[in-house]
Amino acid sequence: MSDSNRVIIFDTTLRDGEQSPGASMTRDEKLRIAKQLEKMRVDVIEAGFAIASPGDFESVKAIADTIKDSTICSLSRALDADIDRAGEALANANSGRIHTFIATSPIHMEYKLQMSPEKVVEQAVYAVKRARNLIDDVEFSLEDASRSQLDFMCEIIEKVIDAGARTINIPDTVGYAVPEEFGATIAQLIQRIPNADKAIFSVHCHNDLGLAVANSLSAVNAGARQVECTINGLGERAGNASLEEFVMALRTRHDILGLETAVDATQIVPASRLISSVTGFPVQPNKAIVGANAFAHESGIHQDGMLKHPETYEIMTAQSVGWNANKMVLGKHSGRAAFRSRMEELGTSFATDAELNSAFGRFKELADKKHEIFDEDLVALVSDARAIASSEHFKLVSLSVTSQTGETPLAQLTVDVDGTEQQAQAEGSGPVDATFKAIESIADSGSSLQLYSVNAITEGTDSQGEVTVRLENAGRIVNGLGADTDIIIASAKAYIHALNMLATNVEKAHPQV
Ligand code: KIV
Ligand code: ZN
């Protein structure tokens, strides 16, 4: 692979992805995801925004301390404290990068920053120099570049390259660009900036018009050699360019694009499942590459064609993106060693024997209810266990629900609130409604339910149901998760998990506010 044809994949699931409302992740969850991204051979992992909160700092640091094969990056505004905090979090990284940014569009400079263009240039150059004093690998982004003036971008980019920036990122922050125009902007920047050959040009596209992947493809066609993207297209508002779609477009249309990435595509589906299970954001069935229907052929004509020759209707194989890879099945007779080794392959290791024994106990309980345990069950089991372990205030002790034709469903439950058991019962329009009302009669949180979704994790009626409950309270949005073969119990767990998250005070700075 010649270097000039190689596109660097910069994954920002853990940073921009986490900016999706309710998608916040714990340090351990982020570490698990980072290990999967490293296994997938992502070049750069943006692990977070170190100054956002002590928790974010710890996450970036833990990832920088652990991951060896991918470059670990922290975002920072063009401010001293941000840059220094990013440098501190990355101190032990095998390969670390500071990503600093400032807005360059007239509307952002005037109303958000309230800074003159001259001051913005000065601040950008200062920030890049300060970051270069801490680390060799510095990326600079022009926030809202797609609404910035070309001449101004040329000026600031030339100066930050002179100051030591090695990567120049052109974000379509508000998802406003269209492919032809965006590609032309990249081509002009590369052509007009005298020292453009001293840096790699990168793009970071949001999906507000559904064009993030198309814009990224147009940009690499015009000479950009880094693409910032996220698994499942997670990200602020409508999300970012989806990693799986971009990577598979390059691979499938190598004939016309002639570009490559280092990504091991067989790790895409496991990564997608992991992120969906950790964040509680289900993947829509018709989502390209990773949706449940992406390789399903419903019509008779298609099925007939597929049997005669798969390429009649398939432009890539399900196996090539990781469907059915790693489907080693465990069952009730599997031992601790097989369980441990499979979990480690899925990115979860156990710090102590007690942790292993507790997870193994839960696995055995599940195996009693469900004969075959798939990777998806194991991923959900870990997410569910972590949700229960984070139960600071509320714990589900027991739940009984009656539901029969012609009768109003009734839920009776016991919840442990800070060490004291409380009982409640409530009727509802269905068993889930009754359960949530009973929990609320104890918690009295005043939250509003924004989303309730149930997904069958595997096939068959003995599948575990994975439930997401999104609650909003005083402007804060959280996603609670629960998994169980009984979907009413999974729903109660998810509601209680969301309440526990709301009860935990997490003050976080948002990089763009
Ligand atoms: O969308 C955006 O502009 C960003 C930058 C911070 C890179 O996320
Ligand atoms: Zn962004």
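The values are calculated or read from the model by the stated rules, or taken from the named source; none is laboratory data. Keep in mind the model is a prediction, meaning the values are calculated, not measured. When we count neighbours, we look across all protein chains shown, and the Cβ atoms used for this are built from the backbone with ideal geometry, even at glycine. Remember, those area values only see protein heavy atoms, side chains included, never the ligands or the DNA or RNA. Shrake-Rupley method; radii C 1.70, N 1.55, O 1.52, S 1.80 Å.
For Pro21, the conditions (1) within 16 Å of ligand 2 (Cβ to nearest atom); (2) open to solvent by less than 30 Å² (accessible area, probe 1.4 Å) are fulfilled apart from (2). Restricting attention to region 190-223, the residues being over 22 Å from Arg253 (Cα atoms) and part of a helix (DSSP H, G or I) number 6.
Only a single criterion out of (1) open to solvent by 40 Å² or more (accessible area, probe 1.4 Å); (2) outside any strand (DSSP E or B) is not satisfied by Leu449, namely (2). Return the residues of region 151-183 that are within 22 Å of Glu46 (Cα to Cα), of a type in the set (Gly, Ala, Ser) and touching a Ser or Thr at 6+ places or on another chain (Cβ under 9 Å); say none if nothing qualifies. If the condition is that a residue be within 22 Å of Glu46 (Cα to Cα), of a type in the set (Gly, Ala, Ser) and touching a Ser or Thr at 6+ places or on another chain (Cβ under 9 Å), then Ala165, Gly175 are the ones that fit.
When the criteria are applied in full, Asp65 meets the requirement of being open to solvent by 20 Å² or more (accessible area, probe 1.4 Å) and charged (D, E, K, R). Pairing each residue of region 238-250 that is on the phi > 0 side of the Ramachandran plot and in contact (Cβ under 8 Å) with a residue 12 or more places away in the chain with any residue that is part of a helix (DSSP H, G or I) and within 15 Å of ligand 1 (Cβ to nearest atom), provided the two are 6+ apart or on different chains, yields C-beta distances under 7 Å for Gly239/Gly233.
For region 368-401, filtering for residues that are under 15 Å from Ala490 (Cα atoms), open to solvent by 60 Å² or more (accessible area, probe 1.4 Å), among the charged types (D, E, K, R) and assigned to a helix (DSSP H, G or I) leaves 2. Among the candidates Lys112, Lys119, Lys129, Lys159, the residue that is within 16 Å of ligand 2 (Cβ to nearest atom), in a helix (DSSP H, G or I) and farther than 20 Å from Glu228 by Cα is uniquely Lys112.
Take the conditions part of a helix (DSSP H, G or I), open to solvent by 40 Å² or more (accessible area, probe 1.4 Å), basic (Lys, Arg) and not assigned by TED's automatic domain parsing to the domain that holds Ala494 and apply them to Arg362. Does it pass? Judged against the criteria, Arg362 is a match. Filter region 23-69 down to the residues that are of a type in the set (Lys, Arg), over 14 Å from the mean Cα position of the chain (by Cα) and in a helix (DSSP H, G or I) and list them by number. Selection gives Lys39, Lys61.
One residue alone among Val415, Val513 is outside the structural domain of Ser141 (by TED's automatic domain parsing) and touching a residue at least 24 places away in the same chain (Cβ under 8 Å), and that residue is Val415. Which residues, taken from region 475-492, are at pLDDT below 95 and buried (at least 23 other Cβ atoms within 10 Å of the Cβ)? Val478, Asn479, Gly480, Leu481, Gly482, Ala483 - these are the residues of region 475-492 that are at pLDDT below 95 and buried (at least 23 other Cβ atoms within 10 Å of the Cβ). Suppose the filter is of a type outside the set (Val, Ile, Thr), open to solvent by less than 10 Å² (accessible area, probe 1.4 Å) and farther than 22 Å from Ala163 by Cβ; does Ser53 pass it? Answer is no for this residue.
If you check Gln149 against the conditions, is it touching a residue at least 40 places away in the same chain (Cβ under 8 Å), of a type outside the set (A, V, I, L, M, F, W, C) and more than 16 Å from ligand 1 (Cβ to nearest atom)? When the stated conditions are applied, Gln149 passes them.
Per the listing Ala411, Ala426, Ala434, the residue uniquely over 30 Å from the mean Cα position of the chain (by Cα) and either within 24 Å of Ser24 (Cβ to Cβ) or in a helix (DSSP H, G or I) (or both) is Ala434.
Can you name the residue in region 494-506 that is at pLDDT 90 or above and under 15 Å from Val278 (Cβ atoms) and, of all such residues, is surrounded by the fewest Cβ atoms within 10 Å (Cβ to Cβ)? Across region 494-506, the extreme among qualifying residues is His497. Scanning region 124-153 for residues that are open to solvent by less than 40 Å² (accessible area, probe 1.4 Å) and of a type in the set (S, T, N, Q) gives Ser141, Ser146, Ser148. Residues that are away from ligand 2 (no atom under 16 Å from the Cβ) and of a type in the set (Ser, Thr, Tyr) occur at least once in region 246-261. In region 1-14 there is no residue matching the filter, namely being away from ligand 2 (no atom under 16 Å from the Cβ), open to solvent by less than 30 Å² (accessible area, probe 1.4 Å) and in a helix (DSSP H, G or I). You will find that of Glu459, Glu472, the residue that is farther than 13 Å from Val432 by Cα and at pLDDT 90 or above is Glu472 and no other.
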